[in-house]
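A.B. asks: The structure is given below, and queries will be raised subsequently.
The values are calculated or read from the model by the stated rules, or taken from the named source; none is laboratory data. All of these numbers come straight from a predicted model, not from anything done at the bench. Positions of Cβ are backbone-derived with ideal geometry, glycine not excepted, and every protein chain shown enters the neighbour counts. We work out accessible area using only protein heavy atoms, side chains counted, and drop any ligands, DNA or RNA first. Shrake-Rupley method; radii C 1.70, N 1.55, O 1.52, S 1.80 Å.
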Amino acid sequence: MVDLGRGLRNALAKITGAAIVDEKAVKELSKELQRVLISNDVNVRLVFELTKKIETAALDLSALKGMSTKERVVRVVYDQLAEMMGERYEPKLKKQRILLLGLYGSGKTTSAGKLAHFYKTRGLSAGVISCDVDRPAAYEQLEQVAKAAGAPFYGINKEKDVKKIITDALVRAKEDVLILDSSGRSAFDEKLVEQLKVLNSEFKPDEKFLVISADIGQVAGKQAEEFNNAVGLTGVIITKMDGSGKGGGALSAISKTAAKAAFIGTGEKLDDFAAFDAKKFVGRLLGFPDIEALMEKVKKITEEQAMPQNIEEKFTIRVFYDQLKAARKMGPLGNVFSMLGAPDLPKDMVQQSEESLKKFEVIINSMSKEEREDAMLLRKSKGRIERIAKGSGTTPDDVRELLNKFEKVSSMMESFKKDRGFRKKLEKMMKGKGVDLSAMGGAGAG
Ligand code: GDP
Ligand code: MG
């Protein structure tokens, strides 16, 4: 199973890391997206619609004027993914009644506590009502959840008549937001619909949220439809987005129904909960807070890649320096490297301080062309090292430090070149500056 976020980042990395983004590159991206999304249980038809749109828009030079092809592709992927995952739910910050419904174990009771916490942290008072009259201990479970959320709890232990429970609760409860936790069923059936109709007429909810666990994947769409037809939903809460490799499938399937995603649950704690926003969701998957930050990074990478590098070209001290500079410019954000499919750059190489990079630059500038092409010349002659140190205002030790680093990376490069399986990948990566170092890190560690 491919983690959705990592899968998407890796797929995009091939584009952001490529020197030339042509039709072939876009097709490859499209294939990779298909693989990632289908393994996330997104409906195959939806996936093909999505990638077709991406291919068309990415190759349409008249669209998104002023952007490079690379920027356009990233932008289109982001926009289309966000569109596929749904919209944005704006929680109403006012007095309201919320009914939670759904099958057993979907996360209703947990979500009741999370909702109470959500509205409380936004300045509203919130209370919860226990109406799960079927499951033993459901009363106690919600009581505990309410306590943890610091929300008043209403219910009548062992009472089976929900009408009675609701009437009693509505007389006593004075909170702005009232959240009702209802009975689950093992499947959608008539009995459940009957129960929900009673809740509907007695509680008169403003919001009717169906709670669905992400691990049912695209089946979520069918379930949302059934419940919506029977009782009229105002939204869906998708829980367990953290533990499931099918969250993308659940979200995309729901977005095709009349019931929209309202909240997502991302863990067991009260805080692991958010109002759903497709754009933010996709942004986070791609490792960026928003599209602007993402586009800025892509632009930067594009600039870094102005000079394509050929693997057959000798690995010289100049190439090494360019790589260091590129890696440094891309910043300390792990996200950037993971976007390039390179999560584990060797830290000591990347984290060159600005000064040591400057030092390297003056040292390299003091080398003859011949020396830059063949650093071994320096090892053979102490005189050359001293001359360079003098010429650059550094010490022979500084020059040797640069040489040591260069040689370390250079020997890694040699072993990669021998590894035929890795070679193709490296060749691709080398087309983008800054990526090559990461490749070294990966293999250096393993
Ligand atoms: P209910 O039967 O619909 O009321 O479901 P519960 O609220 O009792 O939840 C069932 C299980 O799912 C419990 O173990 C919860 O801790 C767990 N759970 C609920 N929401 C989430 C979530 O967003 N993430 C994770 N990891 N677990 C969750
Ligand atoms: Mg429950």
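A.B. asks: Can you pull out the residues in region 256-267 that are away from ligand 1 (no atom under 15 Å from the Cβ), open to solvent by 20 Å² or more (accessible area, probe 1.4 Å) and not basic (Lys, Arg)?
C.D. replies: 258
A.B. asks: If the requirement is being closer than 22 Å to residue 226 by Cα, away from ligand 1 (no atom under 16 Å from the Cβ) and within 28 Å of the chain's Cα centre (by Cα), which of these qualifies: 87, 83?
C.D. replies: Criteria check complete, one pass: 87.
A.B. asks: If we scan region 173-184, do we find a residue that is within 30 Å of residue 50 (Cα to Cα), open to solvent by less than 40 Å² (accessible area, probe 1.4 Å) and modelled with pLDDT under 95?
C.D. replies: No, that holds for no residue.
A.B. asks: A follow-up question, please. When you scan region 112-142, how many residues do you find that are β-branched (Val, Ile, Thr), part of a loop (DSSP other than H, G, I, E, B) and within 13 Å of ligand 2 (Cβ to nearest atom)?
C.D. replies: Residues in region 112-142 being β-branched (Val, Ile, Thr), part of a loop (DSSP other than H, G, I, E, B) and within 13 Å of ligand 2 (Cβ to nearest atom): 1 in total.
Conditions tested, residue by residue: (1) within 14 Å of ligand 1 (Cβ to nearest atom); (2) closer than 17 Å to residue 4 by Cα; (3) of a type outside the set (Val, Ile, Thr); (4) in contact with a Lys or Arg (Cβ under 6 Å, 6 or more places away or on another chain).
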{"residue": "211", "(1), (2), (3), (4)": "yes, no, no, yes"}
{"residue": "216", "(1), (2), (3), (4)": "yes, yes, no, no"}
{"residue": "233", "(1), (2), (3), (4)": "no, no, yes, yes"}
{"residue": "282", "(1), (2), (3), (4)": "no, yes, no, no"}
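A.B. asks: Quick one: how many residues across region 228-244 are modelled with pLDDT under 95 and open to solvent by less than 20 Å² (accessible area, probe 1.4 Å)?
C.D. replies: Counting residues in region 228-244 that are modelled with pLDDT under 95 and open to solvent by less than 20 Å² (accessible area, probe 1.4 Å) gives 1.
A.B. asks: Scan region 190-209 residue by residue and report those that are within 16 Å of ligand 1 (Cβ to nearest atom) and open to solvent by 10 Å² or more (accessible area, probe 1.4 Å).
C.D. replies: Hits for region 190-209 are 195, 208.
A.B. asks: Here is a follow-up. Where the second residue is more than 12 Å from ligand 2 (Cβ to nearest atom) and hydrophobic (A, V, I, L, M, F, W, C) and the first is over 14 Å from residue 117 (Cβ atoms) and lies in region 136-155, which pairs have Cβ atoms under 7 Å and are six or more apart or on separate chains?
C.D. replies: 143/153; 154/129; 154/169; 154/173; 155/129; 155/165
A.B. asks: Looking at region 1-43, which of its residues are at pLDDT below 85 and in a loop (DSSP other than H, G, I, E, B)?
C.D. replies: Passing the criteria: 1, 2, 3, 17, 18, 19, 20, 21.
A.B. asks: Within region 90-111, work out how many residues are basic (Lys, Arg) and either within 16 Å of ligand 1 (Cβ to nearest atom) or in a helix (DSSP H, G or I) (or both).
C.D. replies: Residues meeting the conditions: 1.
A.B. asks: Within region 133-157, how many residues turn out to be at pLDDT below 95 and either more than 22 Å from residue 202 (Cα to Cα) or touching a helix residue (DSSP H, G or I) at 6+ places or on another chain (Cβ under 8 Å) (or both)?
C.D. replies: Of the residues in that region, 3 qualify.
A.B. asks: Here is a check on your reading of the model: is residue 81 surrounded by 17 or more Cβ atoms within 10 Å (Cβ to Cβ) and in a strand (DSSP E or B)?
C.D. replies: no
A.B. asks: Taking into account only those residues within region 115-129 that are in contact (Cβ under 8 Å) with a residue 24 or more places away in the chain and open to solvent by 10 Å² or more (accessible area, probe 1.4 Å), which is farthest from the chain's Cα centre (by Cα)?
C.D. replies: Across region 115-129, the extreme among qualifying residues is 125.
A.B. asks: Can you tell me how many residues within region 362-377 are out of contact with any Phe, Trp or Tyr (no Cβ under 7 Å at 6 or more places or on another chain) and either among the β-branched types (Val, Ile, Thr) or closer than 14 Å to residue 321 by Cβ (or both)?
C.D. replies: 8
A.B. asks: Regarding residue 158, is this residue open to solvent by 10 Å² or more (accessible area, probe 1.4 Å), assigned to a helix (DSSP H, G or I) and in the same structural domain as residue 274 (by TED's automatic domain parsing)?
C.D. replies: No, not satisfied.
A.B. asks: While we're on this one: What helices (runs of 4 or more DSSP H), lying completely within region 166-281, carry at least 1 residues that are in contact with a Cys (Cβ under 8 Å, 6 or more places away or on another chain) and touching a residue at least 60 places away in the same chain (Cβ under 8 Å)?
C.D. replies: Correct list: 190-203.
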